[in-house]
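Notes for the one structure printed next.
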Amino acid sequence: MRGFLASSIGVTCAAALALPLTLPSSGARAATPAAESPAGPSAESVPGSTQSLPLTPLGSDRSTGGGASAEQGLLQREVRPFSLVGVVWDDPDDELHGSVQVRTRANGISTWSGWQPVETHNHEHAADPNDPERASGRVRGSTAPLWVGDSDGVEIRVRGEAAQHRGGAHPSGGQALPTGLRLELVDPGAEPPPQGPAPKGTASTVLTAETAASSAVNADLAPLGADVIPALGKKETESDLIAARGGPEEAAGQARPYVGPRPRITTRKGWGANERLREKNFAYTKTVKAAFVHHSASGNNYRCSQAGSVLRSIYRYHVKSSGWRDIGYNFAVDKCGNIYEGRAGGVAKPVLGAHTLGFNSNSMGIAVIGSFGSTRPPAASVKAIARLTAWKLGLYGANPRGKTYLRSGGGNLYKKGRNVRLHVISGHRDGFATECPGSRLYQKLGKARSTSARYQGR
């Protein structure tokens, strides 16, 4: 991990100069030029797709033409295959005060699911108000995404609350809904090629410029184009950190730092991220003083073998539907305790995320895939939070049991510019008035803090 804080510009430029890149597997024959034979498998062979359908007035609101209707939706219809749903609207500063319910029909059957709720308050997962990402002009308001599995039929209804908001209640008794409501149906695309070296004699993996750049920022931790950053023992992790701080000639005389062993992390290439979706450049903050724990609110109805598909769907929803520059979270954790690289820029670097409105600077966001308002999070997921934070916070000298100060960028709990004292491992609700990460997961953060500190040797 030597040089983990090296300039990302230099790494990315070096990767670009080396392209096109072909990485033959151990024992494989050298790749022939693309003009002579088809290229090998690429990370961009899993593009996915998004269907965006405008909602229309329902019931007594049909005559309004959809301008300020308090109930909108779509009746049952057959659509192209999808696996994740969400609702977006025009103004990211507008809030959807009401309920969203959806039901779907799984591929190949004629029966429909029951109505499922979609979490409406998603605006708190976003870039800070003055961040260029927020001011891009592409950002839209959005609900949380909901994973429904392979489906080809959908029905949705959105109902406004009977409450005052931006000019008053709707004449029908319900609150006017945001303008430009659209249903987003996301297909994550096919699974990427199996991890590990290609069989002897097969074509090697060809990296595009975007995939090479995303991988190059992790080059100190794993080979270029790797699907996984391997775990590292505590002693090796400590030695690498000491060397990175002071150079090999000074490493022997330094005290051992408080840092946990590096956990195994599935890279963006490993879960099949289409690097052409995101913005080309990376964005960084100064350091990592705290970790905010989230739940994705996308439901618990997935298998761990499907986690890559869920992440590809959330990634596409964040970028194509919500207008963000990349997936919002820095890391994700599934119900089996597997850890995944989130926003591109390097897992050991202080990558600026869009996860906790007002507190994205000098922090990182970890999303546990699932919904944990009433469901207890798996012990494996809580342990993975502890392992990840012990390592990443340790790189920056942070004590998982401690507290720190972060300056608010503006939100509904703390005004812009206020210095706020927070747990080094906080829940999303500590920085913003929200239910995230769900009450059952929030209750486990004390356990995560103590376990993380123990991994660091404190």
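What follows is calculated from the coordinates using simple rules that are stated; it is not laboratory data. From a predicted model like this one, the values you see are computed outputs, not experimental measurements. All Cβ positions, even for glycine, are placed from backbone atoms using ideal geometry, and neighbour counts span all protein chains on display.
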With label points set 7 Å from each Cα along the Cα-to-Cβ direction at residue 450 and residue 224, the distance between them in nm comes to 4.7
How do 114-121, 355-362, 222-229 rank on mean C-beta neighbours within 10 Å, highest first? 355-362, 222-229, 114-121
Charge dipole of the stretch 233-370 built from unit charges on the beta carbon (Lys, Arg +1; Asp, Glu -1), centred at mean Cα; most positive-end Cα among 348, 338, 272 is 272
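Percent antiparallel among DSSP beta bridges with both residues in the stretch 265-456, to the nearest 5? If you can, show how the numbers build up before the last one.
On the way: 9 of 23 bridges.
That works out to approximately 40 percent antiparallel.
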Per-residue HN-Hα couplings for the stretch 48-56, Karplus 6.51 cos²θ - 1.76 cosθ + 1.60 at θ = phi - 60°, whole Hz, x for Gly and Pro? x, 7, 9, 9, 10, 10, x, 7, 10
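First select every other residue whose beta carbon is under 14 angstrom from the beta carbon of residue 354; then total the charges, Lys and Arg +1, Asp and Glu -1.
0
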Between residue 294 and residues 5 or more places away or on another chain, the pairs with built amide H atoms under 5 Å apart involve 366, 367, 368
Using a Förster radius of 35 Å, what is the FRET efficiency between residue 421 and residue 231 based on their Cβ-Cβ separation? Nearest 0.05, please. 0.60
Computed label-point distance, nm, for sites residue 281 and residue 95 using a 7 Å Cα→Cβ extension: 3.3
Other residues with Cβ under 11 Å from the Cβ of residue 429 give, with Lys and Arg +1 and Asp and Glu -1, a net charge of -3
Under 5 Å between amide hydrogens, which residues at least 5 positions from residue 154 or on another chain qualify, with H placed 1.01 Å from N in the peptide plane? 77, 79, 105
Tally Lys/Arg at +1 and Asp/Glu at -1 over every other residue whose Cβ is under 13 Å from the Cβ of residue 117; what's the total? +1
1/(1 + (r/R0)^6) with r = Cβ-Cβ of residue 301 and residue 255, R0 = 60 Å, i.e. FRET efficiency to nearest 0.05, evaluates to 0.80
Report the FRET efficiency, 1/(1 + (r/R0)^6), for residue 403 and residue 440, where r is their Cβ-Cβ distance and R0 is 30 Å, rounded to 0.05. 0.80
